[in-house]
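J.: Handing you a structure now.
The values are calculated or read from the model by the stated rules, or taken from the named source; none is laboratory data. As the structure is a prediction and not an experimental result, all values here were calculated from the model. A quick note on method: Cβ atoms are made from the backbone with ideal geometry, for glycine too, and the neighbour counts reach across all protein chains shown. Each accessible area value is taken on the protein alone, full model and side chains, heavy atoms only, with ligands, DNA and RNA left out. Shrake-Rupley method; radii C 1.70, N 1.55, O 1.52, S 1.80 Å.
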Number of protein chains: 2
Amino acid sequence: MAEAHPPPDSKWWGWGDPSRRVELSETARAMLRDQLGAAQPAERVGLDQVTLPQARPLPAAVTGIVDEDCVQIDHEQRLRRAAGKSYPDLVRLRAGRLEAAPDAVLLPADAAQVTALLAACTREGVAVVPFGGGTSVVGGVDPYAGPHERLISIDLRRLRRVEIDPVSLVARLGPGLRGPEAEAALAARGYTLGHFPQSFEYATVGGFAATRSAGQASSGYGRFDDLVTSLTMETPVGRLATLDTPHTAAGPSLRQLALGSEGVLGVITDVGVRIRPAPEARRYEAWISPDFASGSELVRSLAQADALPDITRISDEAETRVSLALAGTSGVKKALFEAYLRLRGRHGGCLVVCGWEGERDSVERRRALSARVLRKGGGAVLGEAPGRSWERGRFDAPYLRDELIDLGYMVETLETSHTWSRLGDLYAGVERALEAALRGQRTPGIVLCHLSHAYRDGASLYFTWIAARRPGAEIEQWQAVKQAASEAIVAAGGTITHHHAVGRDHAPYMAAEVGETGLEALRALKHRLDPAAVMNPGKLLPD
Amino acid sequence: MAEAHPPPDSKWWGWGDPSRRVELSETARAMLRDQLGAAQPAERVGLDQVTLPQARPLPAAVTGIVDEDCVQIDHEQRLRRAAGKSYPDLVRLRAGRLEAAPDAVLLPADAAQVTALLAACTREGVAVVPFGGGTSVVGGVDPYAGPHERLISIDLRRLRRVEIDPVSLVARLGPGLRGPEAEAALAARGYTLGHFPQSFEYATVGGFAATRSAGQASSGYGRFDDLVTSLTMETPVGRLATLDTPHTAAGPSLRQLALGSEGVLGVITDVGVRIRPAPEARRYEAWISPDFASGSELVRSLAQADALPDITRISDEAETRVSLALAGTSGVKKALFEAYLRLRGRHGGCLVVCGWEGERDSVERRRALSARVLRKGGGAVLGEAPGRSWERGRFDAPYLRDELIDLGYMVETLETSHTWSRLGDLYAGVERALEAALRGQRTPGIVLCHLSHAYRDGASLYFTWIAARRPGAEIEQWQAVKQAASEAIVAAGGTITHHHAVGRDHAPYMAAEVGETGLEALRALKHRLDPAAVMNPGKLLPD
């Protein structure tokens, strides 16, 4: 059993390590001004200037369950659990306008205290928001109390156990472990989990499970829901624990029920995951494809030939162009890229990033297999330097977002997925909807997309949009664009989320996603496991 | 859209094609007599001599939904849906003692008729057993009406649609397609599903989904639940349909809820599955490992090095010995095997069967990778002839069981799984329990085991036991042994079933499997989707 130290707190008003900035070059700023028009830089208030609603007193039956110093009611701690990291979250935080906040933050010591808290909150009618890293970009930790008057945030940072079964290559991880902590504890024993979503630095194991997170190397290591072998979830009516056997045919999968439950059924307190020996070798490369359509076909060929690199992502023409200009987004330097292109007599094209990890032999063997398919499909290799550059910047995008917001831009992302045969229509539909909605807001924008998380039957699409913000109307502006994109996804038959989860933002689209009978099934589960409806109100299920 | 012809009906009193027998040699019979003592050959009555309870009349509101000739109430058709293919099922059929049977067999033409039937049965209080191939070995199609007086069998054989998306490599399959029909329809277009459980010849696509079936080549193609991309299930309160996107993070997985639901929540009417190009090459080989313990380690090495063949199974010492004696069980000829052993100066050992399928290059490349690990772990190759021999006999075991039952033996199988670190204890515990229980019945038996369906974190164990039957007390004898083995599985923390499903036989162990909270979750779902509790009473959930 190992226990690592928690990472430093994130910026309260933005993303990540407060000492770190990913700055935009003057050229990049000029390009944005040129394409998006003038934007009014965004101010932000000081921590003390943020107004929170008065904390309501909580029953001693609830607060008495944890140690006295594990009940936090001070301004900063409540503020830090009052929002996630979506664009509207950041807008509200920077403006100091929070309409809701937890009445207290409770830090249970173990699963037994979680159980006791849920039972007490059920009896007392206190809403509960389970809190891991607070990195939700879909309103997953909104302090919305639903029908209740009081709300607590249950912060799981004290549940950070690490137990390793080296024979079965399985680890039991506490939900409060952040990505780097879990990796450090595993690395100390020679292992890796291999789960590297963009939120890696701050997101937690419990959050990965509760939201069906997918890492950048999901083709190699598996999405988080693929990695999970067992789960324990405390619910208001008792403990749900699945066996840790590698597979079972004993009925509907309760593991798959707890995965993605987003805190509305209970609190995940233990996660069994498959681990791997830490990779002996890593190879990251950039390739180029003539255009996004043929590049997507290239990725399909890789997936269907079982030749997918562990990391595979292809940017569309716009993302390739913009990410080269905003050096740091993809980490691929423009000059370098263009030099390569000249060398090969090409202009334009789409950037493909590939990565292989594992034993040296395996990396070389699989790289050769992928390269054969890439070349056959019209890809040209740019080399390792831009690949390594991507790797160095792989967690930078949310830092860059803070810079863009500072400069006065709205910047947001969304993701979906579909089968290969319908992916092109989905891409066109969402892009068109985003562009039209941005124009409708009188803020024509840049719409970028990459294809990642490829499967034999399809892939995910990840969109980013950037536009000048509408000062004072940021939330309405965002809402209009988000709604247009979501409706386009539904119209094309895509999923409302490939790996960001549902939260509050996507809850209105769950009827389209799972149908009325599906909703009824989820509601029946919710009602049985959370009879007082205290668990994370307003998330996942539409009201 | 293709539609293939249905295969011939199975033997009503046993398994498979009536024109086919897998006979035991005189040597094999002698070995059994020698080891198990004298057994009293089992008689079987004629079809007309089987007594069924009188069919109760059904409301016209139910029978009127399908065409007149799609309501079958004759003796043979009722009899054919009155039991599955477990040992106790066959004992009862052969003795002509069936205590229950459907009052009628209804054959809906499409999903809309299924919906209408479920709604009508809910209103009228008529129990429903969904029926595919009728190959359950765990009482999954027992015509048990629960709280109701009348029961119908809904036979899905008319739902046999095949639609292929060649770009996404996905097929939509009707639930009534039997294994060979689905494969034939796919093969005609150059594809394969790659799902070959031992029940392949008679089991259906709907059954594969409803029971989380696992095929012999699951390491290569995936278990059936891995292959499924989308599902439609008609429930008494409406249609549950999941999107066909390759992945979603939109909440708990409803696909994983319908998978394994064993007809207790609804009837699966459409299954989207990943398909692959039909393999260009197939290579099956036998290897030998000094003993089962080191052979299991060998398979673990393969799995953890990502070097698993598409098919990997290792028999323990007893199964190796017996399957060689009962030529046909594994299809590996004894003389051939022994010749190989002599050639390599070995005696005894455990048989390992490996198979690779796919493009010629891929087969050779992956075979070389596996062979390196196998050799390093002490395995010795026996060659392709015994591997091909295994392949020819891969669906023979249930035919052989009929022969053994004819001769007077009880023969039954069960399966479980666990992590590698606990697999040895599970193996020892179940073997001990089976042997002790058989001795307790005064019929000491042979207990055989193989390890198959290996994963990075563990594997399944598949046990077979053979003993002289106790004439007139066959069911009690079976029950005592089954119970002892099941309790040993629970004590060792294994799953009560890796791929046979729960049915009625394993329902008593579901509390140990999923806990009380897990049971409550499943019951809440059942209650919401099947409020009149008409769907497959007594299966999956304990009463």
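J.: Could you tell me which numbered condition residue A:193 fails, if it satisfies all but one of (1) touching an Asp or Glu at 6+ places or on another chain (Cβ under 6 Å); (2) over 18 Å from residue A:138 (Cα atoms); (3) touching a residue at least 12 places away in the same chain (Cβ under 8 Å)?
T.: Residue A:193 satisfies every listed condition except (1).
J.: Next up: Taking into account only those residues within segment B:509-530 that are aliphatic (A, V, I, L, M) and without any contact (Cβ under 8 Å) to a residue 40 or more places away in the chain, which is nearest to residue A:524 (Cα to Cα)?
T.: My answer is B:524.
J.: Of B:91, B:170, B:114, which residue is touching a helix residue (DSSP H, G or I) at 6+ places or on another chain (Cβ under 6 Å) and of a type outside the set (Lys, Arg)? Reasoning before the result, please.
T.: Working: B:170 fails: touching a helix residue (DSSP H, G or I) at 6+ places or on another chain (Cβ under 6 Å); B:114 fails: touching a helix residue (DSSP H, G or I) at 6+ places or on another chain (Cβ under 6 Å).
Being touching a helix residue (DSSP H, G or I) at 6+ places or on another chain (Cβ under 6 Å) and of a type outside the set (Lys, Arg) holds for just one of B:91, B:170, B:114, which is B:91.
J.: Within segment B:499-508, is there a residue that is without any contact (Cβ under 8 Å) to a residue 24 or more places away in the chain and more than 7 Å from chain A (Cβ to nearest Cβ)?
T.: No, that holds for no residue.
J.: Next up: Being buried (at least 23 other Cβ atoms within 10 Å of the Cβ) and on the phi > 0 side of the Ramachandran plot is the filter here, so list the residues in segment A:193-226 that pass it.
T.: A:194, A:212
J.: Considering every residue within segment A:297-305, establish whether at least one is open to solvent by less than 20 Å² (accessible area, probe 1.4 Å), assigned to a loop (DSSP other than H, G, I, E, B) and facing chain B (nearest Cβ under 10 Å).
T.: no
For (1) more than 7 Å from chain A (Cβ to nearest Cβ); (2) among the hydrophobic types (A, V, I, L, M, F, W, C); (3) open to solvent by less than 40 Å² (accessible area, probe 1.4 Å), each residue gets a yes or a no:
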residue: B:440; (1), (2), (3): yes, no, no
residue: B:450; (1), (2), (3): yes, no, yes
residue: B:497; (1), (2), (3): no, no, yes
residue: B:512; (1), (2), (3): yes, yes, no
residue: B:519; (1), (2), (3): yes, yes, yes
residue: B:530; (1), (2), (3): yes, no, yes
residue: B:534; (1), (2), (3): yes, yes, yes
residue: B:538; (1), (2), (3): yes, no, yes
residue: B:541; (1), (2), (3): yes, yes, yes
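J.: Within segment A:486-495, track down each residue that is open to solvent by less than 30 Å² (accessible area, probe 1.4 Å) and either more than 20 Å from the chain's Cα centre (by Cα) or of a type in the set (Asp, Glu) (or both).
T.: A:488, A:492, A:493
J.: Within segment B:263-279, track down each residue that is of a type in the set (D, E, K, R) and either free of Cβ contacts under 8 Å to residues at least 40 places away in the same chain or more than 7 Å from chain A (Cβ to nearest Cβ) (or both).
T.: The answer is B:270, B:276.
J.: Go through (1) more than 14 Å from chain A (Cβ to nearest Cβ); (2) more than 30 Å from residue B:36 (Cβ to Cβ); (3) part of a helix (DSSP H, G or I) one by one and return the number of the condition residue B:526 breaks.
T.: Going through (1) more than 14 Å from chain A (Cβ to nearest Cβ); (2) more than 30 Å from residue B:36 (Cβ to Cβ); (3) part of a helix (DSSP H, G or I) one by one, residue B:526 breaks only (1).
J.: Give the residue, chosen from B:371, B:327, B:286, B:303, that is within 26 Å of the chain's Cα centre (by Cα), aliphatic (A, V, I, L, M) and at pLDDT 95 or above. Working first, answer last.
T.: On the way: B:371 fails: within 26 Å of the chain's Cα centre (by Cα); B:327 fails: at pLDDT 95 or above; B:286 fails: at pLDDT 95 or above.
Going through B:371, B:327, B:286, B:303 in turn, the sole match is B:303.
J.: Can you tell me which condition residue A:180 does not meet? The list is (1) under 27 Å from residue B:247 (Cα atoms); (2) open to solvent by 10 Å² or more (accessible area, probe 1.4 Å); (3) in contact with a Gly (Cβ under 9 Å, 6 or more places away or on another chain); (4) not hydrophobic (A, V, I, L, M, F, W, C), and all the others hold.
T.: It fails just one condition, (3).
J.: Does residue B:187 meet the test of being open to solvent by 30 Å² or more (accessible area, probe 1.4 Å), more than 30 Å from residue B:67 (Cβ to Cβ) and aliphatic (A, V, I, L, M)?
T.: yes
J.: Of all the residues that make up segment B:467-476, how many are outside any loop (DSSP other than H, G, I, E, B) and either buried (at least 24 other Cβ atoms within 10 Å of the Cβ) or touching a helix residue (DSSP H, G or I) at 6+ places or on another chain (Cβ under 6 Å) (or both)?
T.: Going through segment B:467-476 one residue at a time, the tally reaches 4.
J.: Return the residue satisfying two criteria in turn: it lies in segment A:119-169 and is hydroxyl-bearing (Ser, Thr, Tyr) and within 25 Å of the chain's Cα centre (by Cα), and of such residues it is surrounded by the fewest Cβ atoms within 10 Å (Cβ to Cβ). I'd like the intermediate steps shown before the answer.
T.: Residues of segment A:119-169 hydroxyl-bearing (Ser, Thr, Tyr): A:122, A:135-136, A:144, A:153, A:168.
From the residues that got through so far, the ones that are within 25 Å of the chain's Cα centre (by Cα) too are A:135-136, A:144, A:153.
On the way: A:135: 27, A:136: 29, A:144: 18, A:153: 25.
Per the stated criteria, the residue is A:144.
J.: With the condition kept exactly as written, say whether any residue in segment A:478-485 is farther than 23 Å from residue A:97 by Cβ, more than 8 Å from chain B (Cβ to nearest Cβ) and open to solvent by 20 Å² or more (accessible area, probe 1.4 Å).
T.: Yes - at least one qualifying residue is present in segment A:478-485.
J.: Confirm whether residue B:455 is in a loop (DSSP other than H, G, I, E, B) and open to solvent by 10 Å² or more (accessible area, probe 1.4 Å).
T.: It is true that residue B:455 is in a loop (DSSP other than H, G, I, E, B) and open to solvent by 10 Å² or more (accessible area, probe 1.4 Å).
J.: Here is a further query. Just a yes or no: is a residue in segment B:192-209 within 10 Å of chain A (Cβ to nearest Cβ), modelled with pLDDT of 95 or more and within 21 Å of residue B:279 (Cβ to Cβ)? Reasoning before the result, please.
T.: Just the residues of segment B:192-209 that are within 10 Å of chain A (Cβ to nearest Cβ), to begin with: none.
Checked against the condition, which is being within 10 Å of chain A (Cβ to nearest Cβ), modelled with pLDDT of 95 or more and within 21 Å of residue B:279 (Cβ to Cβ), segment B:192-209 yields no hits at all.
J.: Sticking with this structure for a sec: Taking the conditions exactly as written (at pLDDT below 95, open to solvent by less than 40 Å² (accessible area, probe 1.4 Å) and out of contact with any helix residue (DSSP H, G or I) (no Cβ under 7 Å at 6 or more places or on another chain)), does residue B:37 satisfy them or not?
T.: yes
J.: Here's another thing I want to ask about it. Would you point out which residue out of B:428, B:436 is over 17 Å from residue B:315 (Cα atoms), away from chain A (no Cβ under 14 Å) and either touching a His at 6+ places or on another chain (Cβ under 9 Å) or of a type in the set (Gly, Ala, Ser) (or both)?
T.: Going through B:428, B:436 in turn, the sole match is B:436.
J.: When only residues in segment A:265-316 that are among the polar types (S, T, N, Q) and touching a Ser or Thr at 6+ places or on another chain (Cβ under 8 Å) count, which is farthest from residue A:160 (Cα to Cα)?
T.: Keep residues of segment A:265-316 that are among the polar types (S, T, N, Q), which gives A:269, A:289, A:294, A:296, A:301, A:304, A:312, A:315.
If we keep only those that are touching a Ser or Thr at 6+ places or on another chain (Cβ under 8 Å) as well, we get A:269, A:312, A:315.
Working: A:269: 9, A:312: 31, A:315: 36 Å.
Residue satisfying both the conditions and the ranking: A:315.
J.: While we're on this one: Could you grab me the full set of residues in segment B:243-258 that are crowded, with 24+ Cβ neighbours inside 10 Å, at the interface with another protein chain (Cβ under 7 Å from one of its Cβ atoms) and within 25 Å of the chain's Cα centre (by Cα)?
T.: Within segment B:243-258, B:254, B:257 qualify.
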